[in-house]
There are 2 protein chains.
Amino acid sequence: MRKLSVFNSVSLDGYFSDADGEMGWAYAGGDDPEWQAFVAGNAEGGGALLLGRVTYDMMAAFWPTPQAHATMPAVAAGMNRMQKYVASRPLTEPGWQNTTVLAGDLVAAVAALKASDGPDIAILGSGQITAQLAAAGQIDIYQFVTCPVALGAGRTLFDGLQNPLSLRLVRSRAFRNGKVFSEYACG
Amino acid sequence: MRKLSVFNSVSLDGYFSDADGEMGWAYAGGDDPEWQAFVAGNAEGGGALLLGRVTYDMMAAFWPTPQAHATMPAVAAGMNRMQKYVASRPLTEPGWQNTTVLAGDLVAAVAALKASDGPDIAILGSGQITAQLAAAGQIDIYQFVTCPVALGAGRTLFDGLQNPLSLRLVRSRAFRNGKVFSEYACG
């Protein structure tokens, strides 16, 4: 069974993107060497990605470009190479290489995906699919990087959740740049 | 100068109270001995409290009652003895002992309070005054207990903040019950 995880930077008030849909605030503190080593270790995983339509469009517009290759060659190569799944009915011809569109009911499609062969799958950004899959108990691991900033408004990862979802803290680690990484398991 | 701090339990999605205004989810895990020792150490501080009207009414309806004395005698005695400040124009005759109403402009009233003699002041709950005082740079210390639960909806502590507020992480500590305590300083 492939494991499905969520990885997101969140503000102190729980938002993964601000009122304008921006995530630039999450990149502050990127020059902390301990943090860089931690992020590099995470990126080596070589799993697949599950993305909502908004996040997919944002990433597909950046990672295949010459700018991405010039500024972050290793990450860009990894992003382009990884298998991407995008939850989106209107999107029929995804332009980004190694992308599969998940048609039909998302929860059923993800359950089938988890039961198939392949590497573990991570959701990045994508608030709507996170809330939907969290409520269905499909997400095995939640990884949050709490950034030391309050935004006042934005989008939360669990918008639309009908019942409280209790998780189990697996580990937590604070970094010199003020970020706190916490990992939770479902059940 | 008296220091002003905020202490709140928050959900993984950043809410200090759920969609019904309830905070019961924050009390899960109370039987962890390490957590109990930590909470008891915090309660010994002997400072003053600053409360918004909603939080004040909730606390004033409970702590002076015989039930509070019977179930949590030490905390109830402390709560009743402490100096309370309540930010509320319509409230003119506070029923709870040792309460002062802050009339007029909240930011100016709190600035005067911080410049006066007395113990440090903690805000509990009270989302509206937290956002207002945070934006005015009046809050020196933020203490959050992140509980391992997602709520889906509720009230955030920084609702109405016009500009992002960057804080400095002072310390972070994870507990066996899944709570993560993080303390931040302003500037």
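Where a number appears in this text, it was derived from the coordinates with a stated rule and is not lab data. Everything quoted here is computed from the prediction, not taken from an experiment. Ideal geometry is used to build each Cβ from the backbone, glycine not excepted, and the neighbour counts take in all protein chains shown.
Taking the three principal axes of the alpha carbon atoms in the range B:4-186, the coordinate ranges are 44, 43, 32 Å, sorted in descending order. Here the range B:148-187 and the range B:41-87 have alpha carbon centers that stand 23 Å from each other.
Amide H contacts of residue A:49 (H built 1.01 Å from N, in plane; Pro and chain starts excluded): A:83, A:84, A:85, A:122 sit under 5 Å, all sequence-distant by 5 or more or on other chains. Cβ-to-Cβ counts within 10 Å put A:158, A:38 in ascending order as A:38, A:158, the fewest first.
Here is how far apart the residue A:108 label points are across copies: 6.4 nm, shortest first, using a point 7 Å from Cα toward Cβ. Convex hull of alpha carbon positions in the range B:5-87: directionally averaged projected area 6.2 nm². What you get for the protein assembly as shown, charging only the Cβ of Lys and Arg (+1) and of Asp and Glu (-1), is a dipole of about 340 debye around the Cα centre.
Positive end of the dipole of the range B:4-186 (Cβ unit charges, origin at the Cα centre): among B:113, B:66, B:143, the Cα lying farthest that way belongs to B:113. Between copies, the label points at residue A:137 (set 7 angstrom from Cα along Cα-to-Cβ) are spaced 5.2 nm, reported in nanometres from shortest to longest. Pull up the cross-link candidates among the aspartates and glutamates for residue A:84, meaning alpha carbon to alpha carbon under 20 Å and not fewer than 8 places away within one chain. Counting by Cα, and skipping residues close in sequence, residue A:84 has these aspartates and glutamates nearby: A:44, A:57, A:93, A:105, A:117, A:120, A:140. The helix-only estimate of mean residue ellipticity at 222 nm for the protein assembly as shown, built from DSSP H runs of length n ≥ 4 each weighted as -39500 (n - 2.57), is -8000 deg cm²/dmol after division by the residue total. Starting from a Cα-only point model with no solvent, please compute log10 I(q)/I(0) by Debye for the protein assembly as shown at q = 0.10, 0.12 1/Å. For the protein assembly as shown at q = 0.10, 0.12 Å⁻¹, log10 I(q)/I(0) is -0.69, -0.93.
If only the Cβ of Lys and Arg carry +1 and only the Cβ of Asp and Glu carry -1, the dipole of the range B:4-186 around its Cα centre is close to 240 debye. Given the C-alpha centroids of the range A:111-131 and the range B:122-141, what is the distance between them in whole angstrom? That distance is 38 Å.
Remark: label point of residue A:41 defined 7 Å out from Cα along the Cα-Cβ vector; separations to the same position in other copies 2.6 nm, ascending. The rotation axis that maps chain B onto chain A passes nearest to the beta carbon of this chain B residue, listed with its distance in whole angstrom: B:14, 1.
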